[in-house]
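**Q** Dumping the structure here so I can ask a few things about it.
The values are calculated or read from the model by the stated rules, or taken from the named source; none is laboratory data. Keep in mind the model is a prediction, meaning the values are calculated, not measured. Here the Cβ positions follow ideal geometry from the backbone for every residue, glycine too, while neighbour counts run over all protein chains shown.
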Amino acid sequence: MVPGSLTESTQALLDPPPREDPFIRLDRIRVSYALKGGERKIVLDGIDLEIHAGEFISVIGQTGCGKSTLLRLVLGSETPTEGRVLVEGREVVRPDRDRGYVPQKYSLFPDKTVVDNITFGLEVEEFNLLTCFTPRYYTRRHEFRAEAMRQLAKMGLHETDATKYPDQLSGGMQQRVAIAQALVMKPKILLMDEAFSALDPGTRAGMQKLIREVWKETGTTVLFVTHNIAEAVRLATRVIVLAKNPAADGSRVALDLSTAEPDISARIEQVTGHIRSDAS
Amino acid sequence: MCAIGKVYAHPPTLPGSSELYYGQLSAHVARWCFEASGPGRRTVVPILMRQVRSKTKVYRSIAFAAGVLALLVAAAPLSADKPTFTVGWSVYVGWNPYYFMNKSGIMKKWADKYGIAIKVQRFDYAPSLDAFVAKNIEACAMTNMEALDMPAAAGVDTTAIIVGDYSNGNDAVLTRNGVKLKDLPGKKLLLVEKTVSQYLFERGMALNGLESQIKQVRLVNTSDSDIAAAFISDTSHQAVVTWKPLVSQISKQPGITNIFNSSQIPGEILDLTVVRTDVLNRADGSGQKFAKALAGAWYETMALMSGKGPGTDKVLTTIAEGSQDSLESYKEQLSTTHLMYTPKDALELTTSPEMKQKMTLVKQFCFNHALLGENTKSIDDVAIRYPDGGVQGKADRVRLRFETAYMQMAAQGKL
Amino acid sequence: MSLLNICAKPSRAATWTLSWLLFATGIVMYFYTAQKRHKENPDDRVVPTLSQLASGIYQAAMSQDGDDQPSADAQGQSAFERFRHGMLWTDTVASSRRFFYGLALLFPAVLLGLHMGIFPYFGIFFLRFILFFDKIIALSVLPILFIAFGIDELSKVMLIVIGVTPTIILDTFNLTKGVPPEQLVKGFTLGASDFDVAYRVVLKQIWPRVLNSIRLNLKPLMLFLFAGEMIASTDGLAYRIALLRRHMGMNIIIPYVLWVALLLFLVDLAMRLLNKKLHPWFREA
């Protein structure tokens, strides 16, 4: 060791931190698929986005403008025709446990009770089909269930709901359980695809409050797709508006604003041409 | 113009006429009617009515035509005055002549001679027996064993009017790897159970002193349509009993020996043409005419078959067509069949004393295997009447008769 | 009261009477025909009367293989013993063995269908061939079957498998494809591996529908079993029926047919109850 010189680790501490890669990065994304007759239908045409950890992003746009596609790109269930999707610097190839998902429908496993739905992720992580039959499984199961009940309580659900099957619950309760199910895995990103769109206004308001609290508590990055502008503005820290390119076929990011800005609803409406929804 | 289109775009709701619904479908027709109607009649209702009327007219005329057709069809049988009879046959060397009789018109000739109508119907063997027992056909070609089992034991009084031939090697026991009859106990044997095949097998064992071992041979009931393929492809089975032409097919395989066949039990497996006794006894005598016609046609055909020369070959080729055989293969099958070409031969066999002995053997077999009916307590419950008047079994329970009268008439040329 | 009224609500009495009416009509017509035929011909065996049927049932249940003469020690046996050695029971045991082997071999088929639906490589490898294989009528290629499997037990079970398996595979495939993709994605986001998603998410969901599909295929299964037994066999229910046809033993055949119907009904019922018990969450029929 050369006297007077520092070790690498100490050097690293003194050096300025390297420029952080954004948490989620969409790099020149283009999504299109082939139609009969050889033509291609373009869904997303040139999307460049950077999302930082801990943000609550709302993606809005009219029906068919590709917001769900965008969400699925981040999720990993769809691959872009051109460009890359990077999460923490690594390319996304398939859905995995870092990115939780709450769809609009079919969000729960119909063959499992509520509590089993929530413990599913925990069990699957530790036990495969063979080790399911060891005694250790049964002890751990108790612990998983306790954890699940805690999550349920946090979501505002009753103990009696724990042994029900999903089809015995109302829509709002199902989505609560779905969120609990996703959160119990402590994902880094939570992706919600029009999760509240099928609910009535009253339930919807409750759910919005809930998700906002959850976000504050856990600090997860949330990507929230909706077509309801008021909901988007109320919940998010940042709003991304997708709109179809009048000249070309696909959608682009038409607006990308922080919700702190004034007149944000008006500006969004201007871009989308939406009639402001009276509900919620 | 638009207004017209609108009128016919939706079914008009005049009550009580379902035909008007078709207005929706026939908008084009309606428009054509409208335009064809001329300038003086352009109002909506008359057009609809015309549409209705034209549709009703079409339906009415169709109904009328259908009615006339139905009447014609129904009336047709009423116009038939001849008694009709059906004789059923199945593919077998001794019964194929029926195909020739039908095709060449010989059957029709004899039927016309007696003023009746005879239908010749081809079946598979078992269905032909079923049809005969169910009284759907009046005459059938079957073996003596089946004549006992099926109609006789089911209470349908049957008369054999023609004894056509006996199997003289057509039925055989075939084995591979040099297996002999005495090696069979403990092995599996493929055959169609409860038929002449089983009878042949049991007679073979009996004639070789192996009667006590019969029960130790495991019988595998195999349907005749698959038995050749099954035996040929599955070499784990050593023995099979079946009849020609399946026997010929199997024999072509290497290593197959014919260890016992019907030429060693001549006269026991007879091929007969049987007629229901109640048909023969019909009051108007039409049944007897039927029998006479059958016998006449049969022996005429036999005469044609028994000659030598190109004419005979032509006849035989036609007969072989009936089973989609070639001339050679049919002749080969004929070589192991003792056809009684002349009525005299047939009479000799039927009236011989051996006949009764052999029928007893067959009857015993049937009784032992409960083929005469489960409720038949004694072998005499199904009795056979012979031409000389002798009866085997209880006289009041005669179910099978051998009638030589028709063969006699054929011999004397009185047909 | 209009029969073509969709909103009709039949009373209990009407339901009971009408649903049994066709049975009653059939039975009455049958016995009337039997009486008529027996008047003409007391030995008629094509349409057995009640007493003949009764004796047929007794015979089938109690007596051994039709050929054997009652052995001396048969006298000493109890009724239960005689039943156990009787035609009906031995035939049932033989046929049931083959039936359940065939049924058991359907479960690998389910797994294949599942894999085909979920894993794309499996799908492209198998689907086209199985679609083709499904259209091959097993009974028409019997000679090939014989060469490959002989004519003993194996070929009978294989006949069932070849006949019924493609249907089960394709049905399971369709059911797998019918699972919403959100469920698969959900599985992945909860940390499940591919194998886990296939078995713990998809298979568990489609299992009741698969059981229903198998239930519906019980009759074709029985059909193939019967075909195999009628073609070449030493024992079994269809073997007995084929044999009895030779001498029109309808008084035993008819009880056999009704017995087979009862057995199939019981197996179907058992599967239905099992399905209900295992999957209480499954709401459809």
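**Q** Working carefully through the options A:Met173, A:Met155, find the one that is outside the structural domain of A:Ser32 (by TED's automatic domain parsing), in contact with an Asp or Glu (Cβ under 9 Å, 6 or more places away or on another chain) and among the aliphatic types (A, V, I, L, M).
**A** On inspection, the qualifying residue turns out to be A:Met173.
**Q** Which count do you get for residues in segment A:86-123 that are of a type in the set (Val, Ile, Thr) and not in a loop (DSSP other than H, G, I, E, B)?
**A** 6
**Q** Which condition breaks for B:Pro353 when tested against (1) closer than 27 Å to B:Phe290 by Cβ; (2) surrounded by fewer than 17 Cβ atoms within 10 Å (Cβ to Cβ); (3) not β-branched (Val, Ile, Thr)?
**A** (1)
**Q** Name the residue, out of C:Gly178, C:Gly163, that is among the small types (Gly, Ala, Ser), more than 11 Å from every other protein chain (Cβ to nearest Cβ) and touching a Leu at 6+ places or on another chain (Cβ under 8 Å).
**A** Residue meeting the stated conditions: C:Gly163.
**Q** Does segment A:207-218 include one or more residues that are in contact (Cβ under 8 Å) with a residue 24 or more places away in the chain and closer than 25 Å to A:Asp111 by Cα?
**A** The answer is yes, given that some residue of segment A:207-218 is in contact (Cβ under 8 Å) with a residue 24 or more places away in the chain and closer than 25 Å to A:Asp111 by Cα.
Here is a yes/no grid of residues against (1) under 18 Å from B:Tyr98 (Cα atoms); (2) in the same structural domain as B:Val93 (by TED's automatic domain parsing); (3) in contact with a Ser or Thr (Cβ under 9 Å, 6 or more places away or on another chain):
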{"site": "B:Lys314", "(1), (2), (3)": "yes, yes, no"}
{"site": "B:Thr318", "(1), (2), (3)": "yes, yes, yes"}
{"site": "B:Glu332", "(1), (2), (3)": "no, yes, yes"}
{"site": "B:Lys344", "(1), (2), (3)": "no, yes, no"}
{"site": "B:Glu354", "(1), (2), (3)": "no, yes, no"}
{"site": "B:Gln357", "(1), (2), (3)": "no, yes, no"}
{"site": "B:Lys377", "(1), (2), (3)": "no, yes, no"}
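**Q** I'd like the full set of residues that are without any contact (Cβ under 8 Å) to a residue 40 or more places away in the chain, surrounded by 15 or more Cβ atoms within 10 Å (Cβ to Cβ), within 14 Å of chain C (Cβ to nearest Cβ) and over 20 Å from C:Ser51 (Cα atoms), limited to segment B:381-397.
**A** Of everything in segment B:381-397, those that are without any contact (Cβ under 8 Å) to a residue 40 or more places away in the chain, surrounded by 15 or more Cβ atoms within 10 Å (Cβ to Cβ), within 14 Å of chain C (Cβ to nearest Cβ) and over 20 Å from C:Ser51 (Cα atoms) turn out to be B:Ala383, B:Gly393, B:Arg397.
**Q** If you go through segment C:71-78 one residue at a time, do you hit one that is modelled with pLDDT under 85, within 14 Å of another protein chain (Cβ to nearest Cβ) and out of contact with any Asp or Glu (no Cβ under 6 Å at 6 or more places or on another chain)?
**A** The answer is yes, given that some residue of segment C:71-78 is modelled with pLDDT under 85, within 14 Å of another protein chain (Cβ to nearest Cβ) and out of contact with any Asp or Glu (no Cβ under 6 Å at 6 or more places or on another chain).
Residue by residue, here is whether (1) more than 32 Å from the chain's Cα centre (by Cα); (2) surrounded by 13 or more Cβ atoms within 10 Å (Cβ to Cβ); (3) in a helix (DSSP H, G or I) holds:
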| residue | (1), (2), (3) |
| --- | --- |
| C:Trp16 | no, no, yes |
| C:Gly26 | no, no, yes |
| C:Tyr32 | no, no, yes |
| C:Lys36 | yes, no, yes |
| C:Lys39 | yes, no, yes |
| C:Gln52 | no, yes, yes |
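**Q** Return the only residue of B:Leu129, B:Leu72, B:Leu148 being free of Cβ contacts under 8 Å to residues at least 60 places away in the same chain and within 14 Å of chain C (Cβ to nearest Cβ).
**A** On inspection, the qualifying residue turns out to be B:Leu129.
**Q** Then there's this: Please determine whether any residue of segment B:190-204 is free of Cβ contacts under 8 Å to residues at least 12 places away in the same chain, in a helix (DSSP H, G or I) and either surrounded by 22 or more Cβ atoms within 10 Å (Cβ to Cβ) or under 27 Å from the mean Cα position of the chain (by Cα) (or both).
**A** no
**Q** Being out of contact with any Asp or Glu (no Cβ under 8 Å at 6 or more places or on another chain), within 29 Å of B:Ser352 (Cα to Cα), free of Cβ contacts under 8 Å to residues at least 24 places away in the same chain and outside the structural domain of B:Leu361 (by TED's automatic domain parsing): is that true of B:Gly209 here?
**A** Yes: the conditions hold for B:Gly209.
**Q** Sticking with this one: Restricting to segment B:159-209, what's the tally of residues that are over 30 Å from B:Arg399 (Cβ atoms) and within 14 Å of chain C (Cβ to nearest Cβ)?
**A** Number satisfying all stated conditions: 5.
**Q** Take residues that are under 16 Å from the mean Cα position of the chain (by Cα) and of a type outside the set (Ser, Thr, Tyr) and tell me which of the helices (runs of 4 or more DSSP H) falling wholly in segment C:148-239 contain 2 or more.
**A** Output list reads C:153-177, C:204-216, C:218-231.
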